[in-house]
Amino acid sequence: MTYTPVIELKNVTFKYKNCDKFALENVNFQVAQGDFVLLVGYSGSGKSTLLKTLNGLIPHFYSGLFGGDVKLFGESIAEKKTAQLAKTIGFVFQNPENQLSALTVEREIAFPLENFAIPRQEIRRRVNEIIALLDLEKIQDKSPFAISGGEQQLTAIGSALALDPPILVFDETTSHLSPQSATKIIKKIAELNREQGKTVILSEHRLDRNLQYVTKIAYIESGQLKAFGPPREVLHNKNYPLELYPRITSLYEQLKKVTDNFAILPEKHRKQLLAVPEPLTIDDFLLFIKGGRESV
Amino acid sequence: MSTRILEYFNYEQDKSLIHRFDPRTKMLFVIVLTCYTILFRDLVPLMLLFAGVTPLVLLAKFFKKWLRAMITVLPLVLLIIILNALLLKNVPSPTTAGLAMGFRFLILAEVFGIFFQTVSPDELSQMFIKFRFPYSLAWAISTAYRFIPTLTKETAIIVAAQKARGLQIDRGNIFKRLKNMIPLLIPIFASAFRRSWQLAEAIESRGWNAMKKRTFLYSLRLKWWDYLTLLLLFGLFALFLLQVIKQYPLPSWMLWQLPEKYELKSLAIAFWSWLKNLFQK
């Protein structure tokens, strides 16, 4: 048996109409079953464009110059319509308000199932399943415009999950949300990845919340894939910019967890570490590790 | 004034008796009532019709709103009556005909008001689906309605932002004010377009029109009271058709008209001569 990657991009190139720069230039990569890929890059680097090639929004929805081939489960999607691919790939967008249209949360989740003419009993069963999975019971009869951003995004995820696609794509899904809701959403996504074996591709500006779950990082810069691989490998790549490292806060949190659990630091230092508020810079951090700062 | 009229046609989420009827029943009600309103030209039957429909306003629980709207359009109704009374020719009593026109307007306003007050945009779109209209049309209706709050909120933000940058919206004459609206309209339209584009992408990604036929989690169902009312309405419609074809003469009490001396024209003439007398003395 030969190995077929779930997603395979071959020399994917795209240039928007009326734009002289290429949005994507010869992008090649393969994603395996069950991978959690984090797509990192600055604004305008081509993250969204890359994701939109995965379900045919590009080139079917945007006019421009398209080259290369996208394969899902070994099959090229060039001839397929975006709507047809909804069973294979679930897409969740950035703005929670602009992707919902139904009267209630429940009906929003039912929408893709209705599109595929699934019988009513089956829709009901599937909708109930998803509502239970994402803990949406309290808001299932509410309007998608009367709930919080985090709940809206959960609704959108529920709707993308309705057809049970093996691949889930998240285009900066958490960027409109508060840090708390964002953390909650990322946890849910990680759960879907681990427990249901969904292959996940998620694009983000920052790594803090996701780093602990991801299996691969793809770093994209002005339309070119500069680095792709396991997190440790990519973060050590010389092409990878320092600004896109996880913030020190997150390092600190992780360190704190370690000191709590294993007590690897001497008693004195551990106490110091936990007594001092979050360090702002690395120097700051080193200073009180060394014990230079008694208390604040 | 305009907002009050818009408000009058805005759906009210209430659980009144009328709300429980199927929108298709209410649609037929609107059609039949409109037919009858156009059929009658005389004051008495139209007044009876008006008296018959008004209790439904009470049943639909929007009497206050209705009263407010009626007061708002009162000048228009008066204008209809006065113009008809003064300008109509070739009728035995122009004032009676004018009053009949006024009542016609009121009945239509009532009937359409009841429909839009008690049929939610969702029911409206489901009704279109049941009538075999294309699903995209039904979807567009309900989505347009659903986006009103979002767009209103965004408009308020844009207005505030432009005001903060020194835009004076309510200064100067009407032309200047219209010109001042341009810095508002451009971002509002741009954002509406962006929203609709993103929504299009989102529904496309979830299988929009993937199959020729589609199913629905919920759809409309006629209840026994709907069947009963529909039967009644169809009966009324048959009567209407019969009257249109056979042209039976109405009983004489229905053809009652204002006496000559109460005609608006003669009243005006009398008033004029009274005024003249007053000043001649």
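Between B:Pro94, B:Pro251, B:Pro45, the GNM of chain B built on Cα springs shorter than 10 angstrom shows B:Pro251 fluctuating the most. Ranking B:Ala156, A:Ala32, B:Trp272 by how far each Cα lies toward the positive end of the dipole of the protein assembly as shown (charges on Cβ) leaves B:Trp272 at the top.
Give the order of B:Trp274, B:Trp197 when sorted by the count of other beta carbons within 10 angstrom, beginning with the fewest.
On the way: B:Trp274 9, B:Trp197 13.
Ranking B:Trp274, B:Trp197 by Cβ neighbours within 10 Å, fewest first, gives B:Trp274, B:Trp197.
Summary of packing: across the peptides A:39-47, B:53-61, the per-residue average of other C-beta atoms within 10 Å ranks them, highest first, as A:39-47, B:53-61.
Residues B:Val44, A:Val105, arranged from fewest to most other Cβ atoms within 10 angstrom of their Cβ, appear as B:Val44, A:Val105. The value of relative contact order for region B:51-156, using C-alpha pairs under 8 Å at least six residues apart, is 22 percent.
Of all complete DSSP H helices in chain B, those with a Cα span along the helix axis of 20 Å or greater and a mean Kyte-Doolittle hydropathy of 0.5 or more are B:23-39, B:43-59, B:63-87, B:94-118, B:135-164, B:182-205, B:224-246, B:264-280. In this structure the amide hydrogen of A:Ile7, modeled in the peptide plane, comes within under 5 Å of the amide hydrogens of A:Val31, A:Phe73, none closer than 5 places in sequence on its chain.
Per residue of A:102-112, other chain Cβ atoms within 10 Å of the residue Cβ number 4 on average.
For the protein assembly as shown, give me the percentage of DSSP beta bridges that are antiparallel, rounded to the nearest 5 percent. Intermediate values should be presented prior to the final figure.
Working: 20 of 38 bridges.
The answer is about 55 percent antiparallel.
Under a 5 Å amide H cut-off, with hydrogens placed 1.01 Å from N, A:Ile217 pairs with A:Leu38, A:Gly229 among residues at least 5 apart or on other chains. Shielding value for A:91-100 is 5, the average number of Cβ atoms from other chains within 10 Å of each residue's Cβ. When the square roots of the Cα gyration tensor eigenvalues are ordered a ≥ b ≥ c, the ratio a/c for region B:61-150 is 1.5 or more and a/b exceeds b/c, which makes its shape prolate. Among A:Arg209, B:Arg41, B:Arg206, B:Arg194, sorting on how many other beta-carbon atoms sit within 10 Å of each Cβ, with the fewest leading, yields B:Arg194, B:Arg41, A:Arg209, B:Arg206. Simple rule: put +1 on each Lys or Arg Cβ and -1 on each Asp or Glu Cβ in region A:7-244, find the dipole, and look at A:Ile131, A:Pro144, A:Pro165; the Cα lying farthest toward the positive end is A:Pro165.
How big is the charge dipole of region A:144-254 about its Cα centre, in debye rounded to the nearest 20, if each Lys and Arg gets +1 on its Cβ and each Asp and Glu gets -1 on its Cβ?
Details: 12 positive and 12 negative charges, 51 e Å.
Computed about the Cα centre, the dipole is about 240 debye.
Of all lysines in the structure, the ones whose alpha carbon falls short of 17 Å from that of B:Lys223, not counting any fewer than 8 places away in one chain, are B:Lys15, B:Lys26, B:Lys130. Across peptide B:122-131, the average count of Cβ atoms from other chains found within 10 Å of a residue's Cβ is 1.
No lab work stands behind these numbers, since they all come straight from the coordinates. Small disclaimer: the values here were computed from a predicted structure and weren't measured. Note that each Cβ is placed from the backbone with ideal geometry, even for glycine, and that neighbours are counted across all protein chains shown.
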